[in-house]
Amino acid sequence: MARLALVTGGTRGIGRAISVALRDAGYRVVANYGGNDEAAAKFTEETGIPARKWDVGDFPATEAAIAAIVAEYGPVDIVVNNAGITRDATLHRMSPEMWEQVVRTNLSSCFNTSRLVIESMRERGFGRIVNIGSINGQAGQYGQVNYAAAKSGIHGFTKALAQEGAARGVTVNAIAPGYVDTEMVRAVPPAVLEKIIARIPAGRLGHAEDIARAVLFLVADDADFITGSTISVNGGQHMY
Ligand code: NDP
């Protein structure tokens with residue numbers, strides 16, 4: 001049977017492109033989402049990919065959801081930890097809630113999902129975990145202390161878990177996208193976005209499909225010697 005992939009935040013933006021690319025490459029895919037039922041229903045209607053709603057920052061909710069997925073489809077072979085949010089403000093204006101929400105959704109989610117699939121992956125001698133970091137976790141970004149810390153944490157998480165999984169066939173890698181044309185980036189004021197694009201040597205924002213292509217590369221069965229890496233997909237904006 002084809003390998004089963006779980007994509008968190010897999011119904012919109014970059015996650016949607018990842019879900020579709022995996023489906024097109026022959027994987028079985030389940031997409032998670034957080035609350036936008038309308039977008040999720042449209043996604044399933046258009047792609048035929050099932051969508052499951054839960055908050056990836058909530059461990060018990062993730063546990064229940066993954067148990068239900070395993071009961072329905074069998075063990076999860078591939079996890080793409082993609083769900084993420086921003087709550088931007090300079091630190092002197094950032095509330096504890098803005099910090100907490102961002103760290104929880106972007107970073108604790110990687111613990112929650114990975115923790116709940118890792119034992120089965122280790123037992124079966126195969127697993128692929130791909131964590132979506134960010135250029136802003138590599139380089140920092142004004143107004144994003146919370147997001148940069150969470151994304152930077154993803155890169156450390158990836159390298160540590162990669163060491164634990166390597167001898168058991170479980171690879172763990174990260175992708176650090178640059179600015180990609182999704183709703184998250186459309187929320188950036190146009191004047192700021194113009195300045196950002198001017199700093200991208202490729203001269204354009206990324207497409208969600210650019211990120212999906214890197215995911216496909218990392219999850220392949222024969223990518224088994226690639227672990228603990230971060231692939232930057234950013235049009236040359238930051239070379240790390
Ligand atoms: P979008 O805002 O377009 O989509 C976010 C997705 O995550 C949605 O499916 C959303 O579900 C889901 N989500 C959000 N919160 C939760 C939650 N608590 N539980 C479950 N699902 C949740 O984001 P992008 O596609 O732009 O970003 C995808 C990833 O890429 C993120 O991790 C982001 O940080 C990262 N990234 C994005 C960049 C960009 O330029 N766009 C640049 C660098 C990194 P719902 O539809 O229900 O809201």
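The number of residues in region 129-155 being in a loop (DSSP other than H, G, I, E, B) and buried (at least 24 other Cβ atoms within 10 Å of the Cβ) comes to 2. Could you tell me whether region 172-190 includes any residue that is away from the ligand (no atom under 14 Å from the Cβ) and either surrounded by 15 or more Cβ atoms within 10 Å (Cβ to Cβ) or on the phi > 0 side of the Ramachandran plot (or both)? Within region 172-190, one or more residues are away from the ligand (no atom under 14 Å from the Cβ) and either surrounded by 15 or more Cβ atoms within 10 Å (Cβ to Cβ) or on the phi > 0 side of the Ramachandran plot (or both). Selection of helices (runs of 4 or more DSSP H) fully inside region 156-229 by the criterion of at least 2 residues being among the aromatic types (Phe, Trp, Tyr) and modelled with pLDDT of 95 or more returns nothing. Restricting to region 15-56, and then to whatever is closer than 12 Å to residue 79 by Cα and without any contact (Cβ under 8 Å) to a residue 40 or more places away in the chain, can you tell me which residue is nearest to the ligand (Cβ to nearest atom)? Among them, the one singled out is 31. Just a yes or no: is a residue in region 197-209 more than 12 Å from the ligand (Cβ to nearest atom), farther than 18 Å from residue 77 by Cα and either free of Cβ contacts under 8 Å to residues at least 24 places away in the same chain or crowded, with 18+ Cβ neighbours inside 10 Å (or both)? Yes, some residue in region 197-209 is more than 12 Å from the ligand (Cβ to nearest atom), farther than 18 Å from residue 77 by Cα and either free of Cβ contacts under 8 Å to residues at least 24 places away in the same chain or crowded, with 18+ Cβ neighbours inside 10 Å (or both). Selection of region 67-109 for residues being charged (D, E, K, R), without any contact (Cβ under 8 Å) to a residue 40 or more places away in the chain and farther than 19 Å from residue 33 by Cβ yields 93, 97, 100. Applying a threshold of 6 Å to beta carbon distances and a minimum spacing of six or more residues, or different chains, the list of pairs starting in region 213-237 at a residue that is farther than 20 Å from residue 7 by Cα and ending at one that is surrounded by 16 or more Cβ atoms within 10 Å (Cβ to Cβ) reads 234/135; 234/178; 235/178; 235/200; 237/178; 237/200. Cβ-Cβ contacts under 8 Å between residues 6 or more apart (or on different chains), taken from a first residue in region 1-14 that is within 6 Å of the ligand (Cβ to nearest atom) to a second residue that is among the aromatic types (Phe, Trp, Tyr), are listed as 9/33; 11/33; 11/43; 12/33; 12/43.
Criterion applied to 89, 61, 67 was being surrounded by 14 or more Cβ atoms within 10 Å (Cβ to Cβ), more than 15 Å from the ligand (Cβ to nearest atom) and over 21 Å from residue 16 (Cα atoms), and the one residue passing it is 89. Within region 110-145, the set of residues being within 16 Å of the ligand (Cβ to nearest atom), without any contact (Cβ under 8 Å) to a residue 60 or more places away in the chain and more than 18 Å from residue 9 (Cα to Cα) comprises 136, 137, 140, 141, 142, 143, 144, 145.
Going by the conditions given, is residue 76 within 11 Å of the ligand (Cβ to nearest atom) and at pLDDT 95 or above? Judged against the criteria, residue 76 is not a match.
The values are calculated or read from the model by the stated rules, or taken from the named source; none is laboratory data. In this text the structure is predicted, and so the values were computed from the model without any measurement. Here the Cβ is made from the backbone with ideal geometry for all residues, glycine too, and neighbour counts use every protein chain on show.
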